[in-house]
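Engineer: Quick one: structure below, then a few questions.
The values are calculated or read from the model by the stated rules, or taken from the named source; none is laboratory data. What you see is a predicted model, and the numbers here were worked out from it, not measured in a lab. Counting neighbours? That spans all protein chains shown, and the Cβs are built from the backbone with ideal geometry, glycine included. Calculation scope for accessible area: heavy atoms of the full protein, side chains included, ligands and nucleic acids excluded. Shrake-Rupley method; radii C 1.70, N 1.55, O 1.52, S 1.80 Å.
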Amino acid sequence: MTDFKSRSDRWFFSGMGTLLAAMIFAGFVPTFFARDAGLPPLSAAQRLHGLTGTAWLALFVVQAWLVVAGRREWHRRLGALGGLLAVAFGLGGFGVIAAVEARHAYDSVGTFAAHAYANGAPTAAFVAFVLLGAWWRAHAAAHKRLMLLAAIALLPPGTGRLFSHLGLSDLNLPVYYAVMCVPALYDLAIQRRIHPASLWGAAALAAIELSTDEWLAAIGS
């Protein structure tokens with residue numbers, strides 16, 4: 001049974017990581033990877049944010065498949081790079097957010113704070129999940145769930161663009177809520193109990209999304 005659970009974990013986390021990365025990459029093809037020459041040039045912060053996010057996702061997928069291949073030593077060696085990329089991604093993200101929120105500088109404090117929170121909280125959650133995952137790297141069950149939750153935190157901007165391009169924008173939030181529950185459902189199916197990281201991680205992401213929606217609705221934005 002233990003061997004079955006170990007094999008299930010390897011294939012589940014590597015498969016989910018690959019799927020998430022593919023969805024995010026697909027969403028950003030028109031505006032980042034194959035950006036139209038007619039669009040405004042990207043700022044340095046936007047390029048840093050995009051490149052480090054891309055590198056982190058690619059590394060995340062590589063590390064997951066290294067575990068499947070039995071190359072755990074290489075997985076661990078690449079871990080420090082993943083942490084550095086996550087921090088750089090966060091710094092670039094906050095630079096992008098600062099530029100975007102500059103247009104709300106003359107709005108009320110509540111309006112400014114709501115928009116800054118809407119953009120900044122998911123980025124902060126991503127960085128927190130990665131750093132917590134690094135801290136708990138000796139506890140494999142928590143580590144891999146926290147890293148998967150970090151990838152899930154990156155999903156809405158990618159799928160938002162992807163679904164918009166496909167004319168399916170209404171799917172973005174339902175898909176996000178469904179995906180954040182997948183680790184807990186996997187735990188129930190395979191482990192017969194929900195791991196605390198899956199439970200509290202999904203709760204944190206849901207709380208950020210719900211509070212963002214409520215706050216923006218309250219200010220009429």
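Engineer: Just name the residue that is farthest from A142 (Cα to Cα) out of those in region 32-64 that are open to solvent by 50 Å² or more (accessible area, probe 1.4 Å) and either modelled with pLDDT of 90 or more or assigned to a helix (DSSP H, G or I) (or both).
Structural biologist: A44
Engineer: Within region 194-202, can one find any residue that is surrounded by fewer than 20 Cβ atoms within 10 Å (Cβ to Cβ), modelled with pLDDT of 95 or more and touching an Asp or Glu at 6+ places or on another chain (Cβ under 8 Å)?
Structural biologist: First, the residues of region 194-202 that are surrounded by fewer than 20 Cβ atoms within 10 Å (Cβ to Cβ): 194-196, 199-200.
Still in the running and modelled with pLDDT of 95 or more: 194-196, 199-200.
From the residues that got through so far, the ones that are touching an Asp or Glu at 6+ places or on another chain (Cβ under 8 Å) too are 194-195.
Within region 194-202, one or more residues are surrounded by fewer than 20 Cβ atoms within 10 Å (Cβ to Cβ), modelled with pLDDT of 95 or more and touching an Asp or Glu at 6+ places or on another chain (Cβ under 8 Å).
Engineer: So is D9 of a type in the set (D, E) and without any contact (Cβ under 8 Å) to a residue 40 or more places away in the chain or not?
Structural biologist: Answer is no for this residue.
Engineer: Looking only at residues that are over 15 Å from the mean Cα position of the chain (by Cα) and surrounded by 14 or more Cβ atoms within 10 Å (Cβ to Cβ) in region 165-189, which one is farthest from F4 (Cα to Cα)?
Structural biologist: Applying the filter and picking the extreme gives H165.
Engineer: Another one. For the condition under 19 Å from I152 (Cβ atoms), out of contact with any Gly (no Cβ under 8 Å at 6 or more places or on another chain) and open to solvent by 40 Å² or more (accessible area, probe 1.4 Å), what is the one hit in R103, R10, R71, R76? Spell out how you get there, then give the answer.
Structural biologist: Working: R103 fails: under 19 Å from I152 (Cβ atoms); R71 fails: under 19 Å from I152 (Cβ atoms); R76 fails: under 19 Å from I152 (Cβ atoms).
Just one listed residue meets the conditions, R10.
Engineer: Here's something else I'd like to know. Could you list, in sequence order, the residues of region 114-135 that are without any contact (Cβ under 8 Å) to a residue 12 or more places away in the chain and open to solvent by 70 Å² or more (accessible area, probe 1.4 Å)? Full working, then the answer.
Structural biologist: Taking region 114-135 as the starting set, the residues that turn out to be without any contact (Cβ under 8 Å) to a residue 12 or more places away in the chain are 128, 135.
The answer is W135, and nothing else.
Engineer: For region 141-221, please list each of the helices (runs of 4 or more DSSP H) lying entirely inside it that holds at least 2 residues being over 21 Å from I24 (Cβ atoms) and touching a residue at least 24 places away in the same chain (Cβ under 8 Å). Lay out the reasoning, then the answer.
Structural biologist: Working: elements: 155-165, 172-186, 196-218.
Output list reads 196-218.
Engineer: May I ask you to verify whether F4 is out of contact with any helix residue (DSSP H, G or I) (no Cβ under 7 Å at 6 or more places or on another chain), open to solvent by 40 Å² or more (accessible area, probe 1.4 Å) and either under 26 Å from A142 (Cβ atoms) or in a helix (DSSP H, G or I) (or both)?
Structural biologist: Numbers: out of contact with any helix residue (DSSP H, G or I) (no Cβ under 7 Å at 6 or more places or on another chain): yes; open to solvent by 40 Å² or more (accessible area, probe 1.4 Å): yes; either under 26 Å from A142 (Cβ atoms) or in a helix (DSSP H, G or I) (or both): yes.
Answer is yes for this residue.
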